[in-house]
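**Student:** What follows is a structure written as structure tokens; I'll ask about it next.
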Number of protein chains: 2
Amino acid sequence: MSFDRLIKKIIETGNPTVVGLDPKLDYVPNFIKEKAFEEKGAELKGAASAIYRFNKAIIDEICDIVPAIKPQSAYYEMYGWQGVKTLYKTIQYAKSKGMFVIVDGKRNDIGATMEAYTNAYLGGAEVNGVRLEGFGADALTVNGYLGTDGIAPLTKVCSEDDKGIFVLVKTSNKSSGELQDRLLAEGGTVYNAMGDMCEKWGEGTIGEYGYSAVGAVVGATYPEQLAEMRAKLPHTFFLVPGYGAQGGGAEGVSKAFDERGLGAIVNSSRAVMCAYQKEGCDEKDFAKAARREVIRMRDDIASFIPALKK
Amino acid sequence: MSFDRLIKKIIETGNPTVVGLDPKLDYVPNFIKEKAFEEKGAELKGAASAIYRFNKAIIDEICDIVPAIKPQSAYYEMYGWQGVKTLYKTIQYAKSKGMFVIVDGKRNDIGATMEAYTNAYLGGAEVNGVRLEGFGADALTVNGYLGTDGIAPLTKVCSEDDKGIFVLVKTSNKSSGELQDRLLAEGGTVYNAMGDMCEKWGEGTIGEYGYSAVGAVVGATYPEQLAEMRAKLPHTFFLVPGYGAQGGGAEGVSKAFDERGLGAIVNSSRAVMCAYQKEGCDEKDFAKAARREVIRMRDDIASFIPALKK
């Protein structure tokens, strides 16, 4: 019915960040790859197995201090259905550890097809009269270019099952402005229009912290737009990518939060997964290095948000 | 390097249509479901198996008269990784029968993540120094909301591997205008801007028929916009959904074609998959009913395109 479950986890951990699990095989320590290839073959199955071992170790190490993970679907699909099986197992494992799981799939379609995506990630598919979860995540990123027809099937499930969606509004990449920043004849930009649609789509799903089940993706690399959107979209919870590796700093990111220190969750992927490479520590220490980076990031961001300062 | 392979198949079969394989379990005849559930269990595995048997029989029946299939990814993901395995098997089977395969995934992301999607569907992932195909399709539908960063990784692979992409421009659904029809301050609409970007992204990939590797999705339900886009985007090949079940007629669809009868491929999904239900024939006759519908559709559309009339 809202992002209340996620917000509660954020308050509980005192940490408004999410770890992106976007596991390119290059990020996985050699000792894991070697073992996985030896046991499962140096093919897609072995790659998928290596990634699962990597994810699992990171989840074990961070689940007590991070509220959520955000697996990026592309990095699993890249290894075929075997990789997608690892996505499923990763989601289930993180949930078993009490984490909130946001699948970053940026899915979009209309009507019955969007219902199918909803069933896949947030609901369940009916097979022989029984409803079975395909992936069983808590939230999904979506692209709103197709309008309400692409969002309505999701908000229906979000209402019934206490799940949420994040709609792309202003993305973190360099070329995001090519379409998103164009000025509309009616005033405002394309991303403003998309943001307003998020507020509208979220009506009727507002939870106890004042945020709806329809969140927005707003990149850390555009702090001015973050501040503008925070002011304009009071009921829209933000997922903020682009901190760290993409160049977004903690001060800029702080604009995404309200005066209570709520209203947003900041993602970091590569900096956490590859912390061991950056630190130059033993690769066997990769999960502990990930934990150290998570703590550094949490404290860095909190230092710019008065309500979160210890 | 272009859509030349697809265009050659269209010319060879004299049929500018593609069959969408969006197999909800409800569409699958009972005798197939019963057998699959008996052999594999009435769970996701059984559902995925039923869908594969259904797809395979339809492909066998239409592969000599239809140039391409378009599996819609959502309907496979709905049945978890087991469903995604069926997507893979369906792609491979259709290719073995000489068909061109367009995965309708509407994928979108940036940089390394878009590369991962590209590797998944059109290229290959490197595992232990060897490049392995995740799904091995010929084309992928994508959403261009993120700008060039989301398209460049694809066009690179399209150039190297003779594959193509279709970017959503003006979609067939009722609410497509909520964002896509908004007027820009610079003139034109959001979908006009997206269409122009397709022409630009396609530069350098134009093949022997004058079309690039960057196609556009333009819905059959908006014939005026189809005609407008055909005139404005001379190098952009169109994928036209919305014929039949969604209400787009053959006369409207004909606006998507150039004077040679080229430049577009029209999709039909439910009307073909469920032809046996509409006909009211024995469900065991479902694949032959699909073939009859494919022929009816081909002739219906050709009757409005002078260059294709027999």
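**Student:** Please report the antiparallel percentage of DSSP beta bridges with both residues in the protein assembly as shown, rounded to the nearest 5.
**Tutor:** Antiparallel: roughly 15 percent of the beta bridges in the protein assembly as shown.
**Student:** While we're here: For A:Cys274, what is the net charge nearby, where nearby means another residue's Cβ is under 13 Å from its Cβ and Lys, Arg count +1, Asp, Glu -1?
**Tutor:** Residues close to A:Cys274 contribute a combined charge of -2.
**Student:** Mind jotting down the three principal axis lengths of chain A based on Cα atoms? Whole angstrom, largest first.
**Tutor:** Projected onto the principal axes, the Cα atoms of chain A cover 60, 52, 37 Å.
**Student:** Go ahead and collect, in residue order, the members of the stretch A:254-276 whose backbone nitrogen is under 18 Å from a label point 7 Å along the Cα-Cβ direction of A:Ile65.
**Tutor:** Taking a point 7 Å out along Cα→Cβ of A:Ile65, the residues of the stretch A:254-276 whose backbone N falls under 18 Å are A:266-276.
**Student:** While we're looking at this one, here's another question. How high is the FRET efficiency between B:Asp196 and B:Lys278 when r is their beta carbon distance and R₀ equals 45 Å, given to the nearest 0.05? Display every interim value, and only then the final one.
**Tutor:** Details: r = 40 Å, r/R0 = 0.88.
For B:Asp196 and B:Lys278, the calculated efficiency is 0.70.
**Student:** Separate question: Specify whether the C-alpha gyration tensor of the stretch A:157-303 places it in the rounded, prolate or oblate class, a ≥ b ≥ c being the square roots of the eigenvalues: rounded for a/c under 1.5, otherwise prolate if a/b is larger than b/c and oblate if not.
**Tutor:** Details: a/c = 2.24, a/b = 1.59, b/c = 1.41.
Prolate is the answer for the stretch A:157-303, as a/c is 1.5 or above and a/b outweighs b/c.
**Student:** Now for a different question. Compute the distance in nm between two label points, each set 7 Å from the Cα along the Cα-to-Cβ direction, one at B:Glu224 and one at A:Lys95.
**Tutor:** That separation, rounded to one decimal, is 4.7 nm.
**Student:** Assuming a ≥ b ≥ c are the square roots of the Cα gyration tensor eigenvalues, decide whether the protein assembly as shown counts as rounded (a/c under 1.5), prolate (otherwise, with a/b larger than b/c) or oblate.
**Tutor:** Details: a/c = 1.70, a/b = 1.38, b/c = 1.23.
The shape class here is prolate.
**Student:** Out of all DSSP beta bridges in chain B, what portion is antiparallel? Express it as a percent rounded to 5. Write out the running numbers ahead of the final one.
**Tutor:** Working: 4 of 32 bridges.
Beta bridges within chain B, antiparallel portion: roughly 10 percent.
**Student:** Per-residue ellipticity at 222 nm for chain A, helices alone: DSSP H runs ≥ 4 residues times -39500 (n - 2.57), over residue total, nearest 500 deg cm²/dmol?
**Tutor:** Helix-only estimate at 222 nm: -13000 deg cm²/dmol.
**Student:** Next question. Scan the stretch B:53-151 for trypsin sites (Lys or Arg not before Pro) in coil per DSSP, keeping those whose Cβ has at most 11 other Cβ atoms within 10 Å, and list them by number.
**Tutor:** Values: sites: B:Arg53, B:Lys56, B:Lys85, B:Lys89, B:Lys95, B:Lys97, B:Lys106, B:Arg107, B:Arg131; in loops: B:Lys97.
For trypsin sites (Lys or Arg not before Pro) across the stretch B:53-151 that sit outside H, G, I, E and B with at most 11 neighbouring Cβ atoms in 10 Å, the list is empty.
**Student:** Could you give, in nm with one decimal, how far A:Ala245 is from each other copy of that position, shortest first, with labels 7 Å out from Cα toward Cβ?
**Tutor:** 3.8
**Student:** In Å and whole numbers, how far do the C-alpha atoms of the stretch A:1-73 stretch along each principal axis, longest first?
**Tutor:** Cα spread of the stretch A:1-73 along its principal axes, largest to smallest: 43, 23, 17 Å.
**Student:** Nm distances between the label at B:Ser303 and the same-position labels in the remaining copies, 7 Å along Cα→Cβ, shortest first?
**Tutor:** The projected label point of B:Ser303 is separated from its counterparts by 7.4 nm.
**Student:** When the accessible area of the stretch A:183-248 is computed with all protein chains present and a 1.4 Å probe, what percentage of it is carbon and sulfur? Present the calculation step by step, with values, prior to reporting the outcome.
**Tutor:** Values: 1240 of 2330 Å².
Heavy-atom surface of the stretch A:183-248 belonging to carbon and sulfur, 1.4 Å probe: 53 percent.
**Student:** Now a separate question. List the aspartates and glutamates whose alpha-carbon lies under 17 Å from that of B:Lys8, not counting same-chain residues fewer than 8 positions away?
**Tutor:** Answer for B:Lys8, where 17 Å is the Cα cut-off: B:Asp64, B:Asp138, B:Asp161, B:Asp162, B:Glu208, B:Asp258, B:Glu259, listed by chain and number.
**Student:** For an R0 of 35 angstrom, estimate the FRET efficiency from the Cβ-Cβ distance between A:Asp299 and A:Asp4 and round to the nearest 0.05. Write down the numbers at each step before the final one.
**Tutor:** Values: r = 26 Å, r/R0 = 0.73.
Using R0 = 35 Å, I get an efficiency of 0.85.
**Student:** If you split all Cα-Cα distances of the stretch B:229-310 into 10 Å bins from zero, what percentages do you get per bin, shortest first?
**Tutor:** With a bin width of 10 Å, the distribution comes to 18, 44, 27, 9, 1.
**Student:** Restricting attention to the stretch B:209-298, which GluC sites (Glu not before Pro) occupy a DSSP loop and are surrounded by at most 12 other Cβ atoms within 10 Å?
**Tutor:** Those that pass, being in a loop and sparsely packed, are B:Glu259.
**Student:** Let me ask you something else. Mind telling me which of A:Val19, A:Val101, A:Val28 comes out most flexible in a GNM of chain A, alpha-carbon contacts under 10 Å?
**Tutor:** In the Gaussian network model the winner is A:Val28.
**Student:** Within 10 Å of each candidate Cβ there may be at most 16 other Cβ atoms; applying that plus a DSSP loop requirement, which trypsin sites (Lys or Arg not before Pro) in the stretch B:208-287 survive?
**Tutor:** Those satisfying the criteria are B:Arg260.
**Student:** Taking every DSSP beta bridge with both residues inside the stretch B:152-310, roughly what % is antiparallel (nearest 5)?
**Tutor:** Details: 1 of 12 bridges.
Once the DSSP bridges in the stretch B:152-310 are tallied, antiparallel ones form about 10 percent.
**Student:** Taking a label point 7 Å out from Cα toward Cβ, give me the nm distances from A:Cys281 to the same spot in the other copies, shortest first, one decimal.
**Tutor:** 6.6
**Student:** Apply the Karplus parameterisation 6.51 cos²θ - 1.76 cosθ + 1.60, with θ equal to phi minus 60°, to every residue of the stretch A:108-117 and state each ³J(HN,Hα) to the nearest whole Hz, in sequence, with x for glycine and proline.
**Tutor:** 6, 5, 10, x, 4, 6, 5, 4, 5, 4
**Student:** Would you work out if the stretch B:26-112 is rounded, prolate or oblate? Take a ≥ b ≥ c from the square roots of the eigenvalues of the alpha-carbon gyration tensor; rounded if a/c is under 1.5, else prolate when a/b is larger than b/c, oblate otherwise.
**Tutor:** Working: a/c = 2.42, a/b = 1.21, b/c = 2.00.
Verdict is oblate for the stretch B:26-112.
**Student:** Follow-up. Just the number please: accessible area per residue for the protein assembly as shown, 1.4 Å probe, all protein chains included, in Å².
**Tutor:** That works out to 34 Å² per residue.
The values are calculated or read from the model by the stated rules, or taken from the named source; none is laboratory data. These numbers come from a predicted model, not from an experiment. All Cβ positions, even for glycine, are placed from backbone atoms using ideal geometry, and neighbour counts span all protein chains on display. Keep in mind that these areas ignore ligands, DNA and RNA; they rest on the heavy atoms of the full protein, side chains included. Shrake-Rupley method; radii C 1.70, N 1.55, O 1.52, S 1.80 Å.
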